[in-house]
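The values are calculated or read from the model by the stated rules, or taken from the named source; none is laboratory data. No experiment lies behind these values; they were computed from the predicted model shown. In this analysis, Cβ positions are derived from the backbone assuming ideal geometry, glycine residues included, and neighbour counts consider all displayed protein chains. Note: accessible area is taken over every heavy atom of the protein model, side chains too, but ligands, DNA and RNA are not part of it. Shrake-Rupley method; radii C 1.70, N 1.55, O 1.52, S 1.80 Å.
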Amino acid sequence: MEVGIMGLAASGKTSLFGLLTGQDPALAASRRDTQVGVAKVPDPRLDALAAMFRPKKTTPATIRFADIPGIPDEHRGEPGFNLPELRTADAVVVVLRAFSSDAVAHPRGSVDPLRDLEHIEEEFILQDQMVVERRLERLARDLQKRRDPELERERDLLVQCLAVLEDGRPLRGETFDRPAEKKLRGFTFLSLKPMLVAVNVGESEIAEDPFVDPGWAAWTSRPGLAFTRFCATLESELAELDGDDARAFMDDLGIADRALERIIGESYRLLGLISFFTVGEDECRAWSILAGTEAIDAAGVIHSDIQRGFIRAEVVPYDELLEVGSLAGCRQRGTLRLEGKTYTVADGEVVHFRFNV
Ligand SMILES: Nc1nc2c(ncn2[C@@H]2O[C@H](COP(=O)(O)OP(=O)(O)O)[C@@H](O)[C@H]2O)c(=O)[nH]1
Ligand SMILES: [Mg+2]
């Protein structure tokens, strides 16, 4: 699972990438190719479990982010719409510039995040339309040669997609059945990707909500999208401070939560990921699975041996364990359940797999 960070040149993509992954932004900015890094997913539940078990090691869930550069010079610093890293991303963070700076030129000459977003979405739709048209031409040729129900289904699906795209709408908003969804995944459509719109505001505007502007109303109600604001320069200042100082600084500025944590959390949600936990004296750990994953596959996320030798999963919700204070207590209360291979693991469950290989 990977989240692509994209946007116009000088919008703050590399700054954000550096903050999320802990990579030195100065070093990251000096590179022209796509870089990939890992961000830890903050989770107060894991912190509470670690406080209960006092393990030697606490391991959070992680997400991979890719910093996808714009194409230099071409089209005034356009984002890289055709880069494979964008195509293969499971979700995108679109960074929009809302900060003004005399030192850093905006590739469009003026600051207008909504205009930039509309442009990016239009380009997503246009790119997808080209892919669909090319595929439809190909299908028409093949179907002339021979009838094939599989190809006919694909053609019908793509005709449906083309109508949406020609209407100027992204595929993200459509509902497709399971087989269609699977088929579409192969095309890596840009306008189908879940998208987090991250507006990079100036330091003086950090306490304001940029989305109250009426122009945003048409956007914030659309499906498959999430919106957030951050200030790259402020976040990097906060990153330098320890917990208490950062808290005091945030109180001064009137900001309630860390933008980075919000961006990671929203990305996690957009990817459709949830966390389950394993606990013990050695390690407390959060594991990422897609919502809807069955116990047998959740076991495989930890180790293929555990999947192969799966006997049972012992499951207790996080809240229950926290309330009772120990696994033994949950067992006594009868809230530590035994579940089989096809059990659907829920977000926040503490799971112990019994296996035998
Ligand atoms: N004033 C100000 N400058 C910023 C902010 N975010 C990024 N910059 C500057 O804008 C320039 C481009 O940032 P960068 O992250 O490399 O943008 P990218 O081209 O989208 O990767 C750098 O000089 C940053 O220091 C911000 O929030 N405020
Ligand atoms: Mg960059």
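In summary, strands (runs of 3 or more DSSP E) completely within the range 202-301 and bearing 2 or more residues that are outside the structural domain of residue 349 (by TED's automatic domain parsing) and within 16 Å of ligand 1 (Cβ to nearest atom) occur at 225-230.
Exactly one residue out of 98, 103, 91 is within 20 Å of residue 165 (Cα to Cα) and small (Gly, Ala, Ser), and it is 91. Name every residue in the range 1-33 that is open to solvent by 20 Å² or more (accessible area, probe 1.4 Å) and either more than 10 Å from ligand 2 (Cβ to nearest atom) or basic (Lys, Arg) (or both), in order of residue number. Scanning the range 1-33 gives 1, 2, 19, 21, 22, 23, 24, 26, 27, 31, 32, 33. On the phi > 0 side of the Ramachandran plot, surrounded by 13 or more Cβ atoms within 10 Å (Cβ to Cβ) and under 22 Å from the mean Cα position of the chain (by Cα): is that true of residue 89 in this structure? No: the conditions fail for residue 89. Residues in the range 107-131 that are under 21 Å from residue 216 (Cα atoms) and touching a residue at least 40 places away in the same chain (Cβ under 8 Å): 108, 113, 114, 116, 117, 120, 121, 122, 123, 124, 125. The residues of the range 347-357 that are assigned to a loop (DSSP other than H, G, I, E, B) and open to solvent by 40 Å² or more (accessible area, probe 1.4 Å), listed by number, are 347, 356, 357.
Going residue by residue through the range 57-69, is there one that turns out to be assigned to a loop (DSSP other than H, G, I, E, B), at pLDDT below 95, on the phi < 0 side of the Ramachandran plot and crowded, with 17+ Cβ neighbours inside 10 Å? Yes: one or more hits. Yes or no: the range 212-225 includes at least one residue that is touching a strand residue (DSSP E or B) at 6+ places or on another chain (Cβ under 8 Å), buried (at least 17 other Cβ atoms within 10 Å of the Cβ) and in contact (Cβ under 8 Å) with a residue 12 or more places away in the chain. Within the range 212-225, one or more residues are touching a strand residue (DSSP E or B) at 6+ places or on another chain (Cβ under 8 Å), buried (at least 17 other Cβ atoms within 10 Å of the Cβ) and in contact (Cβ under 8 Å) with a residue 12 or more places away in the chain.
Among the residues making up the range 95-118, those that are within 22 Å of the chain's Cα centre (by Cα) and farther than 17 Å from residue 234 by Cα are 113, 114, 116, 117, 118.
The single condition from (1) among the hydroxyl-bearing types (Ser, Thr, Tyr); (2) buried (at least 16 other Cβ atoms within 10 Å of the Cβ); (3) not in a helix (DSSP H, G or I) that residue 101 fails is (2). Per the listing 326, 304, 288, 275, the residue uniquely surrounded by fewer than 17 Cβ atoms within 10 Å (Cβ to Cβ) and at pLDDT 95 or above is 304. Tell me, yes or no, whether the range 130-142 has at least one residue that is modelled with pLDDT of 95 or more, surrounded by 16 or more Cβ atoms within 10 Å (Cβ to Cβ) and of a type in the set (Lys, Arg). Yes, the range 130-142 contains at least one residue that is modelled with pLDDT of 95 or more, surrounded by 16 or more Cβ atoms within 10 Å (Cβ to Cβ) and of a type in the set (Lys, Arg). Looking only at residues in the range 217-234 that are over 18 Å from the mean Cα position of the chain (by Cα) and within 20 Å of residue 269 (Cβ to Cβ), the one that is nearest to ligand 2 (Cβ to nearest atom) is 219. Considering each residue of the range 184-206 in turn, at least one proves to be open to solvent by 40 Å² or more (accessible area, probe 1.4 Å), of a type outside the set (D, E, K, R) and farther than 27 Å from residue 89 by Cβ. Of 298, 313, all but one fail to be open to solvent by less than 10 Å² (accessible area, probe 1.4 Å) and touching a Gly at 6+ places or on another chain (Cβ under 9 Å); the exception is 313.
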